[in-house]
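Student: Questions regarding the structure given below will be posed in turn.
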Amino acid sequence: MSPELQEAIDGVRADVAALHAELTRYGLVVWTGGNVSGRVPGADLFVIKPSGVDYDDLAPENMILCTLDGTVVEGSPGSDRSPSSDTAAHAYVYRNMPDVGGVVHTHSPYAVAWAARGEAIPCVITAMADEFGGEIPVGPFAVIGDDSIGRGIVETLRGHRSRAVLMKNHGPFTIGKDARDAVKAAVMTEDVARTVHLSRQLGEPVPIDPNAVDSLFNRYQNVYGQDPTGSLN
C-alpha cells in the first residue's frame, strides 16, 4: 500500500469516527443504532463503524475498512470486529453512485415517523428547497442485512435532487460528497421532518412553486456560503 493511500485511509478513519459524535449531538440516534461511512478518495474502499459498539468507544483505529463489495479488508485495523449491519447497503450505494463519498443512516424520530407512514416529506419550507431541491422521497420497504436497502436507496435517489430517502417502515438514509456532507443532510432531514410535522398540526402546509424551488436550490448550492461547490447530483 502506498503512503498516499494509507494517508487517505487514515484521514477517512478519523473523519468517520469523529462524525458519529454529531449523530448523538443532534439526537439522531439512540444506543448503538445508526452509522456513518466514508469513501476513501482514489480507491475502491470505504470506512464504516463496527456493529453494536457504544458511540463513546468509537475511535479511528476501530473503524472498519471495506472493499466496495462490503468485504472487510483482512489485517487492517478493526478487522477483528463485525462491520455495521448496514454495510452491504452502503457498499451497494458506493458501487452504483460513484459521486457519493459518504452515507449515513439514523433513527431520528421525526424522520422515522414519516417513514412509518410511508409518506414523503413535502417541500413546503425554503430550507427544504435549499438543501434537498424538493420533497424527501420514500423508498421501498427492504430487509436489513443484504443489499436490498442499498438497492432501494439507489433506485429512489438516482436522478433525484434529494440527498435523503425515507426507507419505508425503517428510517432515513442520506448521501453526500463526503461523510461530513452526508451527516449534514441527516441533521437537516430531521430538522425539516420535525418542522413540517408541526406545520401539519396547524393545518395543510402550503407548497412552494416549483420554479421558486429551483431558484432557491440553485442559490443555496452554488452561491450561498464561503466556498460553494454545487449539488451532489
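The values are calculated or read from the model by the stated rules, or taken from the named source; none is laboratory data. All figures in this text were calculated on a predicted structure; none of them were measured in a lab. A quick note on method: Cβ atoms are made from the backbone with ideal geometry, for glycine too, and the neighbour counts reach across all protein chains shown. We work out accessible area using only protein heavy atoms, side chains counted, and drop any ligands, DNA or RNA first. Shrake-Rupley method; radii C 1.70, N 1.55, O 1.52, S 1.80 Å.
Student: Restricted to region 105-136, and to residues that are part of a helix (DSSP H, G or I), of a type outside the set (A, V, I, L, M, F, W, C) and farther than 17 Å from VAL206 by Cα, which residue is least open to solvent (accessible area, probe 1.4 Å)? Walk me through how you get there before you give the answer.
Tutor: Filtering region 105-136 down to residues part of a helix (DSSP H, G or I) leaves 109-117, 126-132.
Imposing the further condition that a residue be of a type outside the set (A, V, I, L, M, F, W, C) reduces the set to 109-110, 117, 126, 130-131.
This time we only want the ones that are farther than 17 Å from VAL206 by Cα, so: 109-110, 117, 131.
Working: PRO109: 79, TYR110: 78, ARG117: 161, GLU131: 3 Å².
Filtering region 105-136 for residues that are part of a helix (DSSP H, G or I), of a type outside the set (A, V, I, L, M, F, W, C) and farther than 17 Å from VAL206 by Cα, the one least open to solvent (accessible area, probe 1.4 Å) comes out as GLU131.
Student: Give all pairs with beta carbons closer than 9 Å in which a residue from region 140-163 that is free of Cβ contacts under 8 Å to residues at least 24 places away in the same chain meets a residue that is in a helix (DSSP H, G or I) and among the hydrophobic types (A, V, I, L, M, F, W, C); count only pairs at least 6 apart in sequence or on separate chains.
Tutor: VAL143/ILE149; GLY152/ALA89
Student: If you check ALA185 against the conditions, is it in contact with a Lys or Arg (Cβ under 6 Å, 6 or more places away or on another chain) and either crowded, with 18+ Cβ neighbours inside 10 Å or closer than 15 Å to TYR94 by Cα (or both)?
Tutor: Values: in contact with a Lys or Arg (Cβ under 6 Å, 6 or more places away or on another chain): yes; either crowded, with 18+ Cβ neighbours inside 10 Å or closer than 15 Å to TYR94 by Cα (or both): yes.
Yes; evaluated as a whole, the condition is true for this residue.
Student: For residues that are crowded, with 19+ Cβ neighbours inside 10 Å, of a type outside the set (Val, Ile, Thr) and assigned to a helix (DSSP H, G or I), tally how many sit in region 85-104.
Tutor: Qualifying residue count for the region: 6.
Student: May I ask you to say which residue of GLY176, GLY171, GLY203 is touching a His at 6+ places or on another chain (Cβ under 7 Å) and either loosely packed, with under 12 Cβ neighbours inside 10 Å or farther than 13 Å from CYS123 by Cα (or both)? Give the steps one after another, and end with the answer.
Tutor: Values: GLY176 fails: touching a His at 6+ places or on another chain (Cβ under 7 Å); GLY203 fails: touching a His at 6+ places or on another chain (Cβ under 7 Å).
So the residue among GLY176, GLY171, GLY203 that is touching a His at 6+ places or on another chain (Cβ under 7 Å) and either loosely packed, with under 12 Cβ neighbours inside 10 Å or farther than 13 Å from CYS123 by Cα (or both) is GLY171.
Student: Shifting gears a bit: It is to be established whether one or more residues within region 26-43 are within 26 Å of VAL154 (Cα to Cα), touching a helix residue (DSSP H, G or I) at 6+ places or on another chain (Cβ under 9 Å), touching a residue at least 24 places away in the same chain (Cβ under 8 Å) and part of a helix (DSSP H, G or I).
Tutor: Looking through region 26-43, none of the residues is within 26 Å of VAL154 (Cα to Cα), touching a helix residue (DSSP H, G or I) at 6+ places or on another chain (Cβ under 9 Å), touching a residue at least 24 places away in the same chain (Cβ under 8 Å) and part of a helix (DSSP H, G or I).
Student: Would you mind stating whether GLU74 is over 20 Å from GLY176 (Cβ atoms) and within 19 Å of the chain's Cα centre (by Cα)?
Tutor: Values: over 20 Å from GLY176 (Cβ atoms): yes; within 19 Å of the chain's Cα centre (by Cα): no.
It is false that GLU74 is over 20 Å from GLY176 (Cβ atoms) and within 19 Å of the chain's Cα centre (by Cα).
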